[in-house]
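The values are calculated or read from the model by the stated rules, or taken from the named source; none is laboratory data. Predicted, not measured: the structure shown is a model, and the values here were computed from it. Here Cβ is always computed from backbone atoms with ideal geometry, including for glycine, and neighbour counts include all displayed protein chains. Heads up: the accessible areas ignore ligands, DNA and RNA and are worked out on the full protein's heavy atoms, side chains in. Shrake-Rupley method; radii C 1.70, N 1.55, O 1.52, S 1.80 Å.
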Number of protein chains: 2
Amino acid sequence: MFSKSTEYALRATIYIAQKSSEEHKVGLAEISAAIDSPPSFTAKILQALRKDNKIIRSVPGPNGGFYITEKAKNLPVHAILKVMGEDDVLNKCVLGLDKCSEAKPCPMHSEYKFIKAQLLELFDRKTILDLENDIKTGEVFIKNSRKK
Amino acid sequence: MFSKSTEYALRATIYIAQKSSEEHKVGLAEISAAIDSPPSFTAKILQALRKDNKIIRSVPGPNGGFYITEKAKNLPVHAILKVMGEDDVLNKCVLGLDKCSEAKPCPMHSEYKFIKAQLLELFDRKTILDLENDIKTGEVFIKNSRKK
DNA sequence: TCAAAAAAAGATATGGGACTCCTTAATGGG
DNA sequence: CCCATTAAGGAGTCCCATATCTTTTTTTGA
Ligand code: FES
Ligand code: FES
């Protein structure tokens with residue numbers, strides 16, 4: 001559904017939300033270990049998220065790292081998708097028409113549109129804080145089991 | 001959602017269903033013009049669909065081309081996805097875990113699973129014939145408007 | 001003020017999807 | 001039987017997402 005970059009962005013953001021605060025930041029090494037992502041590549045993605053100035057923040061130097069404000073935790077998943085340039089992924093036509101629209105629908109559209117609406121609603125409603133809480137309260141994961 | 005190849009495969013199959021029969025086959029040039037896809041690339045995709053021996057058939061030579069049997073028209077969209085190797089696209093985890101499962105769910109899973117189920121159901125229920133009929137009866141398209 | 005720590009930035013692979021082109025094989029009509 | 005027609009097959013190009021490595025900049029704390 002999403003690119004690797006976006007998947008890492010989502011997982012990293014959730015982890016940062018879980019483990020950091022303005023007083024206690026988390027470093028790149030810890031993050032990429034926790035979400036099982038390539039460290040250098042994750043660095044690039046975190047840079048992108050940070051430059052956006054809305055989602056995460058960072059500070060270099062000793063005891064530096066990444067963190068997220070309580071306010072930013074209320075942003076919906078959609079905000080991350082937007083920064084990652086996948087805002088329109090869900091407006092893509094199933095059959096590959098230029099765009100999925102009521103005006104020029106493909107043969108799948110009349111049935112797909114309801115599912116699409118649910119996806120849009122979900123990514124718009126679910127906040128970073130929600131995802132963080134899910135981890136606290138339920139048996140959910142943001143990392144794969146150790147492979148080999 | 002799907003790769004370009006798969007999108008072309010779906011559109012091409014629909015067009016072939018619409019315009020061909022065992023007696024009247026349609027050629028590559030006509031197909032790629034009708035669905036607005038690169039001819040040479042489309043040829044590769046049609047080869048793949050043909051080799052599967054389930055979806056479409058073809059005959060070379062004068063008056064040759066591609067066609068689909070009435071029986072094959074009853075195959076679900078899912079069958080095309082399978083041939084194109086995108087069978088598991090819908091079992092991908094939103095956050096990029098190895099697989100989307102109840103056993104090891106990500107924080108999006110509890111809500112996403114219902115949407116996923118609808119997608120799976122749709123691709124399993126909707127047949128090639130259904131899509132063909134949609135074109136006949138409704139205002140739907142399998143090609144973009146001419147661009148410059 | 002200096003050194004260590006950590007992120008930022010930049011430069012450089014790599015693999016695969018998307019697409020092209022050329023040659024080969026099969027078919028049917030005359 | 002030959003030739004035009006059309007699909008099949010194979011080799012190769014291009015670009016971008018993914019990923020790595022190195023160097024620079026910023027910050028902290030001793
Ligand atoms: S137009 Fe194709 S899915 Fe909406
Ligand atoms: S496990 Fe992530 S979507 Fe199902």
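Give me a single rounded figure for B:98-106: the average over its residues of other chain Cβ atoms within 10 Å of their Cβ.
For peptide B:98-106, the averaged partner shielding equals 3.
Check each of the trypsin sites (Lys or Arg not before Pro) in region B:19-78 and keep only those in coil by DSSP with at most 10 other C-beta atoms within 10 angstrom; list them in order.
Those that pass, being in a loop and sparsely packed, are B:K71.
Suppose we consider the axis relating copy A to copy B; can you name the residue of A with the nearest Cβ and state that distance in angstrom as an integer?
Spelled out as residue then distance in Å, it is A:I115, 3.
Take the Cβ-Cβ distance between A:S3 and B:K51 as r, set R0 to 35 Å, and report the resulting FRET efficiency rounded to the nearest 0.05.
So the FRET efficiency works out to roughly 0.75.
With an 8 Å cut-off on Cα pairs and a minimum separation of 6 or more residues, tell me the relative contact order of chain A in percent.
Averaging sequence separation for qualifying contacts and normalising by length gives 27 percent for chain A.
Once ligands and nucleic acids are excluded and a 1.4 Å probe is used, how much of B:T6 is accessible, expressed in Å² to the nearest 10?
Around 0 Å² of this residue is reachable by solvent.
For B:D52, place a label point 7 Å out from Cα along the Cα→Cβ vector, do the same in each other copy, and report the separations in nm, one decimal, smallest first.
The answer, with the shortest distance listed first, is 3.6 nm.
Count, for each residue of B:89-95, the Cβ atoms from other chains sitting within 10 Å of its Cβ, then give me the mean as a whole number.
Per residue, the average neighbour count from other chains is 5.
Please report, in whole Å, how far the alpha carbons of chain A spread along each principal axis, starting with the longest.
Largest to smallest, the principal-axis extents are 56, 38, 31 Å.
When you look at the Cβ of every residue in A:120-130, what mean number of other chain Cβ atoms sits within 10 Å?
Averaged over the peptide's residues, the number is 2.
From the helices alone, meaning DSSP H stretches of at least four residues, give me the mean residue ellipticity at 222 nm for chain B, per-run term -39500 (n - 2.57), in deg cm²/dmol to the nearest 500.
Only helices count here, giving -15000 deg cm²/dmol.
At 1.4 Å probe size, what's the solvent-accessible area of A:K99? Round to the nearest 10 Å².
130
When Lys and Arg each count +1 and Asp and Glu each count -1, what net charge do the other residues less than 15 Å away from B:P39, Cβ to Cβ, add up to?
+2
In nm, to one decimal, how far is the B:V59 label point from the B:S101 one, both placed 7 Å along Cα→Cβ?
Modelled inter-label distance: 4.8 nm.
What is the Å³ per residue value for the convex hull set by the Cα atoms of region B:24-87?
92
Quick check: pseudo-label points 7 Å beyond the Cα along Cα→Cβ at A:K136 and B:N91, how many nm apart are they?
Here the answer is 3.5 nm between the modelled labels.
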